[in-house]
């Protein structure tokens, strides 16, 4: 009986060794391939090689080496590498902790719509680390991250939303207190009679001259102001459907037509190349106008998915998407308040 147990144990060990050896060979071959491609300058391979040094599976963990490879890919504007290098600076792993550097790297990644970077950028705004504290911008980026189903962002967005509401209530209370103080300020008593003024010399009578008619102020050209603006969204990034450094706009009769060049965004599942087209019309002297915008997905490069069943939104098909309608009002010539047909509020300011 004892011999049978020994034999069974030896058999199991014999079966496991080839499997383990095969796994090692797989990891070795993968690491070798990434190294060759990374040294040839491929940013995707550079990111994967950096990630291998972070994981410590294919090779011994080394945050310093990881940072070096992430930096090479980040120099080529790879969203995931920008995020990972920013995160290492945020945590001080393999590099000096530097919140300002972390902010710059995470912001570049967040603008490519990479949800983990949007989350940590929102945290930096909320805590005032590496950038001036701004709860509104924090909430903007956290909300974007939550919409992309990055799970930690939902609770953090709720926390920061409460801070924004408390900040607004405090500002309103301060304004009301100031108004009440102004109302209670001492005024001259109506019983006190002011002294008689000294007599004034009588003016010499001259022939009456008709007063010039008041000059009528020319209403602002809302269309021209709109096109000339470099509009930023609430997070401080250039808009992709309003005139900005990312768009090229021109007049087409009563319309303003804006188009972006080829853009890229990255999520947990894919790298997506796309462009945006927008059209605006019905500009009024009151500062109102209407428009539409839509996205054209040019190419999709799937990543190794963390989720085995990503949605169509995560890995979209190529081609034109459904138009979004938007109605806007220009305030003080420097800001736009808009609402789209999904009843979502959008706010923009001129840079």
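The values are calculated or read from the model by the stated rules, or taken from the named source; none is laboratory data. Computed from a predicted structure; not experimentally measured. Cβ: placed from backbone, ideal geometry, glycine included. Neighbour counts: every protein chain shown.
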The stretch 95-119: number of residues that are at pLDDT below 95 and not in a helix (DSSP H, G or I): 4
Sort through 256, 315, 297 and tell me the only one that's at pLDDT 90 or above and either out of contact with any strand residue (DSSP E or B) (no Cβ under 7 Å at 6 or more places or on another chain) or within 22 Å of residue 118 (Cβ to Cβ) (or both). 297
Quick one: residue 108 ticks every box in (1) out of contact with any helix residue (DSSP H, G or I) (no Cβ under 6 Å at 6 or more places or on another chain); (2) closer than 29 Å to residue 65 by Cα; (3) crowded, with 17+ Cβ neighbours inside 10 Å bar one, so which box is it? (1)
Right, residue 165: surrounded by fewer than 10 Cβ atoms within 10 Å (Cβ to Cβ) and at pLDDT 90 or above or not? no
Search result, residues across the stretch 113-139 that are at negative phi and surrounded by fewer than 23 Cβ atoms within 10 Å (Cβ to Cβ): 123, 126, 127, 129, 131, 132, 133, 134, 135, 136, 137
Go through the residues of the stretch 260-271 one by one and say whether even a single one is out of contact with any helix residue (DSSP H, G or I) (no Cβ under 9 Å at 6 or more places or on another chain), within 30 Å of residue 106 (Cβ to Cβ), surrounded by fewer than 15 Cβ atoms within 10 Å (Cβ to Cβ) and outside the structural domain of residue 122 (by TED's automatic domain parsing). yes
Take residue 242 and decide whether it is in contact with a strand residue (DSSP E or B) (Cβ under 9 Å, 6 or more places away or on another chain), assigned to a strand (DSSP E or B) and either surrounded by 16 or more Cβ atoms within 10 Å (Cβ to Cβ) or modelled with pLDDT of 90 or more (or both). no
Go through the stretch 120-131 and count every residue that is in a helix (DSSP H, G or I) and touching a residue at least 12 places away in the same chain (Cβ under 8 Å). 7
Does residue 138 count as within 17 Å of the chain's Cα centre (by Cα), assigned to a helix (DSSP H, G or I), modelled with pLDDT under 95 and in the same structural domain as residue 44 (by TED's automatic domain parsing)? no
Looking at this structure, is residue 295 within 18 Å of the chain's Cα centre (by Cα) and part of a strand (DSSP E or B)? yes
Subset of the stretch 272-290 (residues that are surrounded by 14 or more Cβ atoms within 10 Å (Cβ to Cβ) and touching a residue at least 40 places away in the same chain (Cβ under 8 Å)): 272, 280, 283, 287, 289
Do we have any residue at all in the stretch 325-332 that's in a loop (DSSP other than H, G, I, E, B) and touching a strand residue (DSSP E or B) at 6+ places or on another chain (Cβ under 9 Å)? no
